[in-house]
1. Filter the stretch 94-120 down to residues that are open to solvent by less than 10 Å² (accessible area, probe 1.4 Å) and over 23 Å from Thr54 (Cβ atoms), then give me how many there are.
2. What number goes with the only condition from (1) out of contact with any Phe, Trp or Tyr (no Cβ under 7 Å at 6 or more places or on another chain); (2) open to solvent by 20 Å² or more (accessible area, probe 1.4 Å); (3) in a loop (DSSP other than H, G, I, E, B); (4) among the hydrophobic types (A, V, I, L, M, F, W, C) that Trp211 does not pass?
3. Quickly run through the stretch 328-345 and pick out the residues that are touching a helix residue (DSSP H, G or I) at 6+ places or on another chain (Cβ under 6 Å) and open to solvent by 20 Å² or more (accessible area, probe 1.4 Å).
4. Taking into account only those residues within the stretch 123-180 that are under 20 Å from Leu96 (Cα atoms) and among the β-branched types (Val, Ile, Thr), which is modelled with the lowest pLDDT?
5. Could you count how many residues in the stretch 271-303 are more than 18 Å from the chain's Cα centre (by Cα) and open to solvent by 30 Å² or more (accessible area, probe 1.4 Å)?
6. In this structure, does Arg260 turn out to be over 19 Å from Ala218 (Cα atoms) and surrounded by 14 or more Cβ atoms within 10 Å (Cβ to Cβ)?
7. Return the residue satisfying two criteria in turn: it lies in the stretch 182-200 and is open to solvent by 20 Å² or more (accessible area, probe 1.4 Å) and β-branched (Val, Ile, Thr), and of such residues it is farthest from Asp22 (Cα to Cα).
Amino acid sequence: MLESIYYVISWVCRRACPHCYDERFRPYSEPEVQALTEKSSAVFAQIVGNLPRTLMVTDLEDQQDDGSFRRKPGRIILSGGEVLLEPVRTRVLYPLLEMLESRYRDCGGVRLVIQTTGDLLTPGIIKELLARNVWMISVSSIDDFHAAVTGAGKARHQERLTSLFEATGMRRSGLQAATRRWIDEEGPVYSFFGATPDAWIGKLWPSGRAWTGGLSSARYRDNFCNNWSGGLNFLNVGFSGSEVAIDPDGNLYPCCRKTRLPYGNLCEEPLLDILESLAGRPEFEAITGGHPERMGFAHGVGLNEFIDLCRITDPKGRTFLNPCIGCDRMHERFLGPVLGRLKRERQERGRRP
């Protein structure tokens, strides 16, 4: 009953890219890699068990002549870190793909997407992914921040991967990085994108190493919330446009960047229960509407006050204003008690006979 679930299955990555939105995505020592993989392996079955029983959604952009709307399967995007690194690939990714395919096989299906930098892809790995019914392999490194594929290396990287994909019968997706509006197409397909100036994420989220390095060029008008991978439509359960994000620990967020506080944890309770408890609350309705500037109205924070909350001096000493900063501060100052109360209410309902 959600069009898209963005599930980060591991913090482990090959590199610590300067533009990354979370500093936990980085290389780790071998003992740390083993521990993090074991932790992800231990919780993914609980997380899957608390996902909706079906991911079929009503596509409000595909209306038929009789006025009805087509129903279509949603997708789960499995990302990292780097999901193709060992041991994440064999101990987490592959069994997780098999579990998801089995869970949704008789419930309308699911479109499984792998997001990767692509430099670990081989013909054998591509075949192993396709054998597990992967619908799309999405390569996210086509920009100048991934040091291994900058400049001329970027073109060679893309050409090499295109040859590998097409040798297995995959087709280039019509997905456009500039808007990231997903389209209805048969798989298996492949796509390329990156943090380029024309892309929806090109100005970089103001968090993680992108923030500490002063790389975000976003201004107040750059409302990341009002777009795919932002909070837009996260509460529109059952309909196109609905999307949430999950981190390796099972924490649930309305956007891929992640709000300052999680809205629940899928190791503990069902995803739909969490979303149902948020529906109708002004703070969260503002986020799902793509208008974070309105999330403080219930707490006496008007538009002028929200803009003030968006103002900060960045690590380069620049005056910086962006709604993500205001959203962070709203969560820090006001929403902790709200989220805590909603969780207690959900727990109380679960205990009732």
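The values are calculated or read from the model by the stated rules, or taken from the named source; none is laboratory data. Small disclaimer: the values here were computed from a predicted structure and weren't measured. All Cβ positions, even for glycine, are placed from backbone atoms using ideal geometry, and neighbour counts span all protein chains on display. Only protein heavy atoms, including side chains, enter the accessible area calculation; ligands, DNA and RNA are left aside. Shrake-Rupley method; radii C 1.70, N 1.55, O 1.52, S 1.80 Å.
1. Going residue by residue through the stretch 94-120, those that are open to solvent by less than 10 Å² (accessible area, probe 1.4 Å) are 96-97, 100, 104, 112-114, 116, 118.
Restricting the remaining residues to those that are over 23 Å from Thr54 (Cβ atoms) gives 116, 118.
Result for the stretch 94-120: 2.
2. The one condition Trp211 does not meet is (3).
3. Answer for the stretch 328-345, where residues must be touching a helix residue (DSSP H, G or I) at 6+ places or on another chain (Cβ under 6 Å) and open to solvent by 20 Å² or more (accessible area, probe 1.4 Å): Arg329, Phe334.
4. So, considering only residues that are under 20 Å from Leu96 (Cα atoms) and among the β-branched types (Val, Ile, Thr), the one modelled with the lowest pLDDT is Val139.
5. The total comes to 15.
6. On the way: over 19 Å from Ala218 (Cα atoms): no; surrounded by 14 or more Cβ atoms within 10 Å (Cβ to Cβ): yes.
So Arg260 fails the test.
7. Ile183
Each row is one residue, and each column tells you yes or no for (1) assigned to a loop (DSSP other than H, G, I, E, B); (2) basic (Lys, Arg).
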position	(1), (2)
Lys154	no, yes
Leu175	yes, no
Glu185	yes, no
Tyr190	no, no
